[in-house]
Structure formats: C-alpha cells, structure tokens
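K.L.:
The structure's right below; bear with me while I get my questions together.
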Amino acid sequence: MLQKCEGIVIRTTDYGETNKIVTLYTREFGKVGVMARGAKKPNSRLAAITQLFTYGQYLFHASTGLGGLQQGEMISSMRSIREDIFLTAHASYIVDLTDKVTEDRKPNPFLFELLLTTLNYMNEGYDLEILTNIYEMKMLNVQGLYPVLDRCTNCGSTEGDFDFSIKEGGLVCHRCFGIDPYRIKTSSGTVRLLRLFYLLDLNRLGNISVKPETKAELKQVIAAYYDEYSGLYLKTRRFLDQMDSFRDSL
C-alpha cells in the first residue's frame, strides 16, 4: 500500500553501494524508516530529498518492516543549516535527540511541528543556543521527565530566590538551600527562562536576547538534568559541546 506523508529526514544510513536507509519524522505516522534504492547515485531522483534535515512530501510503500521510498517532493532543503558547521552541529543534535526518544510509528503532530519550527528558525539565523535549549526543555515530557519549575520542590513555596537541584529534580528556594549543597546557582533570569522554554509556544518566539552568563547557566542546568535523568549519551551532543568551546575560543 502506498502512503503519502509530510516528513523531515532525521537520519540516513548507507546500505550497500548505492542505497540509503532513511529515517523520516512524519506528521502523519511519527518516525518511519524507508529504503531509498539508488539514492547514493548522483543522478538519482531520490538523492536530494534524502539529505539530512530535508523537509518534504514523501511517497512510500508501507510494510511491517522498512518501507520502500518511491518518490518525494522537496519543500525545504534547509540549505543554510548544511552550509554552516555550527548550524549543522546544533541541527544534528536536535534530530538525533528526536530519533533517540521517539518510537516507530507513534504519531505526535505537536512534536513534528516543534521539530520543523526549530529547524526553520535555525535555517533563518535565530540564536542557535537558545533554540537548542528550548528544544531540550520541550523534549523532557516526551521522555517522561517533569522537572519542578513553578515552586520549591521541598516546601512548595513560589516566593524567594531559587537555585536548581539535580538531586531534587527541580527548583529549591533559598529557605531550603541546605537540603542540597551541590545545587546549581541560578539567577532569577535563568529561572524565568527555564520556565518560559518549558511552556513556550515556539511559534510565538520573538527576538530573545540572553546574556552570555545566563546562557552558560541555562546550558549547565539543562545538561546536568539530562545527564542525570535522560539516560542519553549522544555523540552529537559531545560534538556540539566541542564546537561551542571552539567558537567561544575564537
């Protein structure tokens, strides 16, 4: 049976000399794997539409295993992402994270829109670090993770100064700092942005200007929380960290 879908290429694997196994994240079916026969040939009609990050319409033969990709029509090549190594690093991490935390054929139109909007914003030149942080925060619920960001995890207070406790799984207020001597010191701006990123409708993202020290705090909190609770160890994350360190040294 032929199926048509709107999809984003989130992973490609070479198969033999001329074929590719392509993982699509689709609006209609969730994550789908398809075999693109001959896609590695330069003159193949499937070559362009099976490039990583490509957004398009895809037609494939459905089966219980790998489907067979028949044809596709490109909507966006996300060209800017592929032409800049820093954009590539951030976008690679985003699609890798999506791949690792989603199951095959479990449709999630909200997640599809989130992924597409994030890649579009990256392609258009929005702040890469902020977009990546927002995406990470939005992907927590997909993994069954629910950090406490609206009150103190210990006493429930919504008033006062807050730090982030990895051990407690969320914010602790100044009255409860003593329960975690290893808490991460966070400014009020960082706390506000963590809440915003977690709840924000990405389509309503304006020009968010964030100070370097706040960015550093956001990255520290989110990375530490992922390390403790997600169980993910992604090569794309390590590469991204290396690229960020290199950029910061320039």
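Coordinate-derived values only; no laboratory data. What you see is a predicted model; the values in this text were computed from it and never measured. Here the Cβ positions follow ideal geometry from the backbone for every residue, glycine too, while neighbour counts run over all protein chains shown.
K.L.:
How big is D for the chain, in µm² s⁻¹ as a whole number, if Stokes-Einstein is applied with the Kirkwood radius of its Cα pairs at 25 °C and 0.890 mPa s?
P.N.:
For the chosen part, D equals 126 µm²/s.
K.L.:
So, one more: Nothing charged except the Cβ atoms of Lys and Arg (+1) and of Asp and Glu (-1): what's the magnitude of the dipole of the chain about its Cα centre? Round to the nearest 20 debye.
P.N.:
Dipole about the Cα centre, nearest 20: 600 debye.
K.L.:
Could you tally the net charge around L69, taking each other residue with its Cβ under 10 Å from the Cβ of L69, Lys/Arg +1 and Asp/Glu -1?
P.N.:
Local net charge: +2.
K.L.:
Mind running the shape call on the stretch 14-84? Use the C-alpha gyration tensor, a ≥ b ≥ c as the square roots of the eigenvalues: rounded below 1.5 for a/c, prolate if a/b tops b/c, oblate otherwise.
P.N.:
Verdict is oblate for the stretch 14-84.
K.L.:
So, one more: Compute the signed sum of charges (Lys and Arg +1, Asp and Glu -1) over the other residues within less than 13 Å, Cβ to Cβ, of N19.
P.N.:
+2
K.L.:
To the nearest 20 debye, what is the magnitude of the charge dipole of the stretch 146-229 about its Cα centre, counting +1 on the Cβ of each Lys and Arg and -1 on the Cβ of each Asp and Glu?
P.N.:
For this selection, approximately 200 debye.
K.L.:
Still on this model: Averaged over all directions, how much area does the convex hull of the C-alpha atoms of the stretch 2-130 cover when projected, in nm²?
P.N.:
Across all orientations, the stretch 2-130 yields a mean hull projection of 7.5 nm².
K.L.:
Among the lysines, select those whose C-alpha is under 30 Å from the C-alpha of K31, and discard any that sit fewer than 8 residues away in the same chain.
P.N.:
Cα-Cα hits under 30 Å: K4, K20, K40, K41, K100, K106, K138, K219, K235.
K.L.:
Oh, and also: Kindly rank 44-53, 96-105, 18-27 from highest to lowest mean number of other beta carbons found within 10 Å of each residue.
P.N.:
In descending order of packing, they fall as 18-27, 44-53, 96-105.
K.L.:
Summing +1 for each Lys or Arg and -1 for each Asp or Glu, what net charge is found among the other residues whose Cβ lies under 11 Å from the Cβ of P109?
P.N.:
Net charge in that neighbourhood comes out at -2.
K.L.:
Run the Debye formula on the Cα coordinates of the stretch 146-229, all scatterers equal and no solvent, and tell me log10 I(q)/I(0) at q = 0.25 1/Å.
P.N.:
Normalising to I(0) and taking log10 leaves -1.30.
K.L.:
Would you be so kind as to identify which of L194, L97, T23 lies farthest towards the positive end of the dipole of the chain, taking Lys and Arg as +1 and Asp and Glu as -1 on Cβ and the Cα centre as origin?
P.N.:
T23
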